[in-house]
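Novice: The structure is given below, and queries will be raised subsequently.
Here, each number is a calculation from the coordinates, and none is a lab measurement. If you're wondering where the values come from, they're calculated on a predicted model, not measured in any experiment. Here Cβ is always computed from backbone atoms with ideal geometry, including for glycine, and neighbour counts include all displayed protein chains.
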């Protein structure tokens, strides 16, 4: 079935691959190599002097309570963002899949948040939840809820989770909706005739048939939560209060760009890279087994 | 095992009226085939019985109980779909056991029933496979098995054979009939194929534009079709229709194309002289030669081995198809005679059958 094209020489295939390889080399291999190289060096803030220190940077990072704190934050943050974004998107997609009036408008509206830049999205949430200028923030305080994410670490974490998940819901929604629409109607009808109520039908037929989509989205969402949420955190809380919302990727930025501790920052980004690669491998190894293609 | 009664079932999708009031009573253990061209409302009728569509008006009763407002799950029915609708992520065993698990049957009982059903259909070796690893015929069997193990009151078949190749279709057709007789389950079978309908049904429902035009046994429908639609739909090649007028006080008819009047052997028709009628004659009831034979210009002969199908035209350009035994040669100036005892008379305007007056 698969049509294989066999090239005689080596030049043409290399030439055809060159653009993609060049992009990978310039934007991934080179910076990643630089990061690994720098993670082995100790450098002064002005770049005047550098010295090879072996794994000292790694030792320091792994024993740093602040880094361990960021690791914990990241775990809570990514799992929550992925769960929230996937759960809400699935719920909305199931609703949108039903024959309802204005379904198209509803779908379009749901896709919009994806087009909003992270920083803009963060400002939007800021205007809603800021304790003194935010609409909802003020209302909460007026109602007697002590809402101030600038002071309360738990509230700050909640806010960055919700804001980050909100941005990802659109993306998940599109994939879930497409997945739902590819399930043959007659299969659901057969289940209904077999006696399955809507709730049971969803968990025994619809959800298993959505599992390839869900698996793909889980990987994408975790990677999103690990790397792409920098903008939201930076604009909303800046990692604070204290270090309550400082995730691994945010700490890389703080240590490298703000504190100019390049060696430690590079070591952290290498660890982060290894973590995500490892996590994705685990997902493919263990979760994919339960997926029905 | 149950009876099924439909009373005045109507269905409209928006402004489109799909069913115009269908009445039907299916006896316990009977197999009724709903047949009609696509778009006649036959699938909609089946889906209403299944509970997948709600009728706009009318009632569905299973075993005397009004099930019209009930969900499919509460009707105790099983359905075989055209595309089989197997659960793609489950093994054959799980596909067949799904409905039983939902009903909370004990595990040994589920296993016993599934294995029994699989043995009945000859699919014991396939129980561990997924649907995508099966051929069309095997999937068909699994879909049947899923219906059988439920031991429902009613089997519904929605064109289950139309996705199979011709040979397998004939084989499965016989198998379905054998199985249905053996299990004695009341069944409703939808098809657009008139051969399938004739061979499978105890009775047929011929549907046309949302009406059940005729409900009768296959032979009754073949020998006494209620109108020109049924007459043309059942039987292959289709019945010939010849425009004519009554003469001789309704005791005979003269073809519009001229020729000697054809006398009705079973008695005169009402309406008297000059009533416009349509004469129907099946291709197999035409024979070569005879005193009152009509001259036919033959333009095509289809040899089928044991018989031949002739396509020709009468003098007034009316098309005529004849089925003759053996190999018929294309001859100049061929004459075909109508067997008067096999003649059907229909009203020219309404298409309704006209039976002999008083008989």
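Novice: In a Gaussian network model over chain B where Cα atoms closer than 10 Å are linked, find which of B:107, B:153, B:11 has the largest mean-square fluctuation.
Specialist: Among B:107, B:153, B:11, the largest GNM mean-square fluctuation belongs to B:107.
Novice: Related question: What is the Cα coordinate range of chain B on the first, second and third principal axes, sorted by size from largest, in whole angstrom?
Specialist: 76, 45, 35
Novice: Enter the Cα centre distance for the pair the range B:294-353 and the range A:52-71, rounded to the nearest angstrom.
Specialist: 97
Novice: Ranked by Cβ crowding within 10 angstrom, fewest neighbours first, how are B:32, B:190, A:5 ordered?
Specialist: With the sparsest Cβ surroundings first, the list reads A:5, B:32, B:190.
Novice: Test of understanding: ordering A:27, A:230, A:284 by Cβ neighbours within 10 Å, fewest first, what list do you get? List each step's numbers first, then the result.
Specialist: Numbers: A:27 10, A:230 16, A:284 13.
Final ranking by Cβ density, sparse to dense: A:27, A:284, A:230.
Novice: Right, next: Determine, for B:139, A:4, the number of other Cβ atoms within 10 Å of each Cβ, and report the residues in order from fewest to most.
Specialist: Neighbour counts put them in this order, fewest first: A:4, B:139.
Novice: Right, something else. May I ask for the distance between the Cα centers of the range B:216-264 and the range A:170-237, given as a whole number of Å?
Specialist: First find each Cα centre; the distance between them is then 61 Å.
Novice: Is the range A:64-290 best put as rounded, prolate or oblate by its Cα gyration tensor, with a ≥ b ≥ c the root eigenvalues, rounded for a/c under 1.5, and otherwise prolate when a/b is larger than b/c, oblate when not?
Specialist: Because a/c hits 1.5 or more and a/b fails to exceed b/c, the range A:64-290 counts as oblate.
Novice: How shielded is B:51-59 by partner chains, expressed as the average number of their Cβ atoms within 10 Å of its Cβ atoms?
Specialist: 1
Novice: Further, regarding this structure: What does the average come to when, for each residue of peptide B:79-92, you count the partner chain Cβ atoms lying within 10 Å of its Cβ?
Specialist: Taking the mean over all residues of the peptide, I get 5.
Novice: Also, I was wondering about something else. Would you look at the GNM of chain A, springs on alpha carbons closer than 10 Å, and say which of A:52, A:173, A:227 moves the most?
Specialist: With Cα springs under 10 Å in chain A, the top fluctuation among A:52, A:173, A:227 is at A:52.
Novice: Something else now. Given the -39500 (n - 2.57) contribution per DSSP H run of 4+ residues, what per-residue ellipticity at 222 nm results for chain B, rounded to the nearest 500 deg cm²/dmol?
Specialist: -7000 deg cm²/dmol
Novice: Something else about it: Express in whole angstrom the spacing between the alpha-carbon centres of the range B:111-178 and the range B:2-68.
Specialist: 25
Novice: Still on this structure, please answer the following. Please work out whether the range A:1-156 counts as rounded, prolate or oblate from its C-alpha gyration tensor, where a ≥ b ≥ c are the square roots of the eigenvalues and a/c under 1.5 means rounded, while otherwise a/b larger than b/c means prolate and anything else oblate?
Specialist: oblate
Novice: Among rounded, prolate and oblate, which fits the range B:237-347 when a ≥ b ≥ c are the square roots of the eigenvalues of its C-alpha gyration tensor, a/c under 1.5 means rounded, and a/b larger than b/c means prolate?
Specialist: prolate
Novice: So, one more: Picking from A:206, A:145, A:223, which is most flexible by a Gaussian network model of chain A using Cα springs under 10 Å?
Specialist: Maximum among the listed residues: A:145.
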